[in-house]
1. What are the ³J(HN,Hα) couplings of the stretch D:21-36, residue after residue, when phi is run through the Karplus curve with 6.51, -1.76, 1.60 and θ = phi - 60°? Round to Hz, x for glycine and proline.
2. How far apart are the A:ASP15 label points across copies, placing each 7 Å from Cα toward Cβ, in nm, shortest first?
3. Ignore the peptide's own chain and count Cβ atoms of other chains within 10 Å of each Cβ in B:27-37; give me the average, rounded.
4. Please work out the C-alpha center-to-center distance from the stretch A:66-87 to the stretch C:36-87 and express it in whole Å.
5. Measure off 7 Å from each Cα along the Cα-to-Cβ vector at D:VAL52 and B:ALA35, then give the distance between these two points in nanometres to one decimal.
6. Got a sec to turn the phi values of the stretch A:61-73 into Karplus ³J(HN,Hα) couplings, 6.51 cos²θ - 1.76 cosθ + 1.60 with θ = phi - 60°, whole Hz, x for Gly and Pro?
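Any read-out appearing in this document is the output of simple, stated calculations on the displayed coordinates, not a laboratory observation. It should be emphasised that the depicted structure is a prediction, and the values quoted were computed from it without experimental measurement. Positions of Cβ are generated from backbone atoms using ideal geometry, with glycine treated the same way; all protein chains shown enter the neighbour counts.
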Protein chains: 4
Amino acid sequence: MSEIGHNSDGAVQGDQIKSFIERIERLEEEKRETATDIKEVYAEAKSNGYDVKILRKIVARRRRDADEVAEEEAIFDLYLQSIGMLD
Amino acid sequence: MSEIGHNSDGAVQGDQIKSFIERIERLEEEKRETATDIKEVYAEAKSNGYDVKILRKIVARRRRDADEVAEEEAIFDLYLQSIGMLD
Amino acid sequence: MSEIGHNSDGAVQGDQIKSFIERIERLEEEKRETATDIKEVYAEAKSNGYDVKILRKIVARRRRDADEVAEEEAIFDLYLQSIGMLD
Amino acid sequence: MSEIGHNSDGAVQGDQIKSFIERIERLEEEKRETATDIKEVYAEAKSNGYDVKILRKIVARRRRDADEVAEEEAIFDLYLQSIGMLD
DNA sequence: GCGCATTGATGGCTGC
DNA sequence: GCAGCCATCAATGCGC
């Protein structure tokens, strides 16, 4: 006995899309705030005499290393799959 | 009575840079997670029959509108300042 | 004794932008063709019994390694600069 | 009188995959160079007073238009085929 | 048809 | 302060 204009969770259709948009906007706001926080940490490091550019390089480097490990695992799994050792 | 090799919060210099890097990495991780959350909301919207591309356009549009409002307020404040109504 | 509406290489202004666009379009076409060539090599490798997905991983991996070397040099130069050994 | 471990063009198996990879890498290098050329043309256009962003839009627009033409021709051919006018 | 990989576009940061 | 550079993000295209 469903009611036209309402979906399973009780929200009317117009509200559902509104809800999605608001959730996204809330998350985007959160992301922006985190980005701001990061900038502030760099600024603080700079005021402590550290070279921001180098700091960025270090962080980027470590991130790539971490990605590399994940990538290694992915390619390793691929090899295993290709010889039928992984399914 | 400060001690060479230690900064005000008690951490040795080597630890200080380490601390900055770790704070940044923690925040970057947080940012990535939020980005993932956003993607998931879009995916959920899609599975509810919404067109993701259009949804993105709506969100982007609203973001631009919000920016314009902020911009207008900033300009408005500038006017107020220029006539000495805001300090 | 320059002539209005003509630039140094003798083309009228309207033709100049046309010329830029055509050069770009020619280059883009070239790029597309090269991309097609790459695809064909992968297809050929596949028909020789190689796993394309793994092949792609290998190529990507080698590319990243090469990038890594360049990046190493860049960060090394940065360090040198930061201690005034490079100007 | 073929020899095991060698394929038709005389290369041993290990060399064959190496050959594929090198061909791909050579082509990728070519592609990167063309991409660089494109950037340079944009830069040149910019130094001639053109707005790169707008220029990009024009090129993209024309690319899309060309695609549509190709698409229409393809559909047109399909129609011709369906009525037996093209085989 | 979907997910992934690439590519194009935009915005922010850094260095003149 | 702006221009060039880089990093991120959206969009398209491709292969499965």
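1. Each residue's phi maps through the Karplus curve to give 4, 5, 4, 4, 5, 5, 5, 5, 4, 4, 5, 4, 5, 4, 4, 4 Hz.
2. Spacings between copies for this position, smallest first, are 5.3, 6.7, 7.3 nm.
3. Numbers: counts 9, 5, 2, 6, 8, 3, 4, 10, 4, 1, 6.
For peptide B:27-37, the averaged partner shielding equals 5.
4. Result: 19 Å between the Cα centres.
5. About 2.3 nm, to one decimal.
6. 4, 5, 5, 4, 4, 4, 4, 4, 4, 4, 5, 3, 4
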